[in-house]
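Notes follow once the structure below has been shown.
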Amino acid sequence: MEFGIFENQLSHLNQPFTRILGFRRSPDVILRMEMERSMSLFQMMVNEGLVPSTEEEMKRRNAIDKLKKIVVEWVKTVTYQRGLPKKYLKFASGTILTYGSYGLGVYNSESDIDALCVGPYFATIAEDFFIVLHNMLASRPEVSEIHCVKDAKVPLMRFKFDGISIDLPYARLKVISIPENVDVFNPFFLKNIDDTSWKSLSGVRANRSILHLVPNIEIFQAVLRCIKFWAKRRGVYGNLLGFFGGIHLAVLSAFICQRHPSASLSALILLFFKTFGLWPWPTPVILQETIARPFIPTDKVSWMPIQLPCSPYEFCHSNITRSTFYKIRTEFLRGHMLTKDMLRPDFDWNILFEPFPYARRYGLFVKIFLSACDKDELGDWVGWIKSRFRSLLVKSVLSNGVFLDEAFVLSIQLEELLGFCDPNPTEYVDTDALEPNVIFYWGLPTGRSDLIDADLVEEYFLKSIDNGYQGATGKMKLSIVKANQLPNKAQSAFERKNTKPCWRVVDDNRKKTNPQSKYSKPHCADEYLPTNDSPEYPSAGG
């Protein structure tokens, strides 16, 4: 991305658009300030490492090229092993398609690659993908830390290729030969494919739909880089914990770019927060208006429904709960409050992207300590627990300070007990522990977390995750800790830019209080949330 991109975009900024932003200064002054704001924002992105170097770009491109050659060789091998006619050897082929942050062109030096292996009808996932291709990859010197994740909603292999983390699911098409850049919208290739292949293809289809629909791909990429950076800093990124995943933010960013094709980067960031801070949730966000349909809220629909751009009948998978909805909406409104004064002389982008102050905001935390015998086992164990985190977030056990046997334990929603829980997505490490470990800290309202018997929550959560896990079971310990008991370096680490600080935390005893009412607002949102929320479907004042 070059600085000239902003000059081209700013040249289209007209007076009606400046009125949309609410600024009444002369157009020339606004154009100049818009240029300065966009330039400073781009420079911040470069400083933060959000824009990959040419070397990083070539490294990933070479990895994908090598992976494609391995897949082609794999298909030839399977063709031979299956005893298929010799003519198949000439035509049979497979390919690799990228999606996610890499496919959208918004990756950075720390990003992994979401790559889809597409093979012919006779190459099965159970034998040929997870055994034959796995063994071929494992034998390569470029490949390390390879794992098969067979029990996920989208089964995949996870490994490092030349040091780059790659997630590789599999889609099988009812053809013999797969073109290198196969058209994933062509009915010829999609006819009669199985459910797993369809799910695996959805990421590629969504990415390509988005890139087709945005008016300017480079501006969209710049907006999405900024929004993802903001979401990670403010603790609202991580689909498994009830926040946004990459596809959610991609659709929201594309939505703004599509409706303001002549806006500059900085103006689009302002419009992003204004639009979604005041959005009347749960009205769905629909990128393609031509396929919009009447929306009727149901219990199965997310608090923040976002339609997949490649399908009129599907929404992005979401784990958003009442608590995470309030956290996200609060951060939208905070962003709106900060960016609406974007043309003030003392405006500073760094304030918008400040890390969320967990240690200052919460007095208590649920500490989730996960450990295993070795690093590889820990990775599998943590991945499995994270995939089940939502059941931990929305269910807990009330003991009221007395012993209750299993028949009388009351399992209820955590949000019914406490009104609010903020699951911090950041992973921490206790360097004093003997075994490899990962720790999560979820913020709780002060004085209410003691309704939870942490031991019973742990017991029942472990029972709920036993079903289906095929790896070596690690350890998990839940406890309640006070923020003021954390060492000084721990308290400051919550607010550092480093995503994986290390420290040791001491547990604490708890007291018992009454649960919060069902629809009361989280204390952390009081500064931003409006007072006229609808109890059934709270909006953001839109």
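The values are calculated or read from the model by the stated rules, or taken from the named source; none is laboratory data. Since the structure is predicted, the reported quantities are computational estimates derived from the model, not experimental observations. For neighbour counting, all protein chains shown are included, and Cβ atoms are generated from backbone atoms with ideal geometry for every residue, glycine included. Remember, those area values only see protein heavy atoms, side chains included, never the ligands or the DNA or RNA. Shrake-Rupley method; radii C 1.70, N 1.55, O 1.52, S 1.80 Å.
So here's what we get for this one:
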quantity	calculated
Portion, in percent, of the accessible area of the range 57-153 that falls on carbon or sulfur, probe 1.4 Å	53 percent
Pairwise FRET efficiency - E145 versus S53, Cβ, R0 = 25 Å, nearest 0.05	0.55
Additional length obtainable on full extension of the chain from E314 to E127, 0.36 nm per residue less Cα span	64.2 nm
Heavy-atom accessible area order for F347, F353, largest first, 1.4 Å probe	F347, F353
Mean separation of Cα contacts under 8 Å (6+ apart) over length of the range 214-352, as relative contact order %	27 percent
Protection-proxy order for peptides 40-51, 158-169, 319-330, 135-146, each taking the mean of Cβ atoms within 10 Å per residue, highest first	319-330, 158-169, 40-51, 135-146
Accessible area in square angstrom per residue, the range 214-352, 1.4 angstrom probe	33 Å²
Sequence of I113, I125, I193 from largest to smallest accessible area, 1.4 Å probe	I125, I193, I113
Ordering of 369-378, 96-105 by burial proxy (mean other Cβ atoms within 10 Å per residue, highest first)	96-105, 369-378
Mean separation of Cα contacts under 8 Å, 6 or more apart, over the residue count of the range 54-208: relative contact order %	24 percent
Amide H within-cut-off set for L116, under 5 Å, with H built and near neighbours excluded	L97, T98, Y99
Pair D194, Q81: separation of 7 Å Cα→Cβ label points (nm)	1.5 nm
Chain lengthening between E180 and M136 when straightened (0.36 nm per residue, less Cα-Cα)	13.8 nm
Within the accessible area of the range 214-352 (1.4 Å probe), percent carbon and sulfur	56 percent
Surface per residue (accessible, 1.4 Å probe) for the range 54-208, Å²	48 Å²
Estimated inter-spin distance, F91 and V429, nm [label 7 Å along Cα→Cβ]	5.2 nm
Of Y102, I146, Y121, farthest towards positive along the dipole that unit charges on Lys, Arg, Asp, Glu beta carbons give the range 101-146	Y121
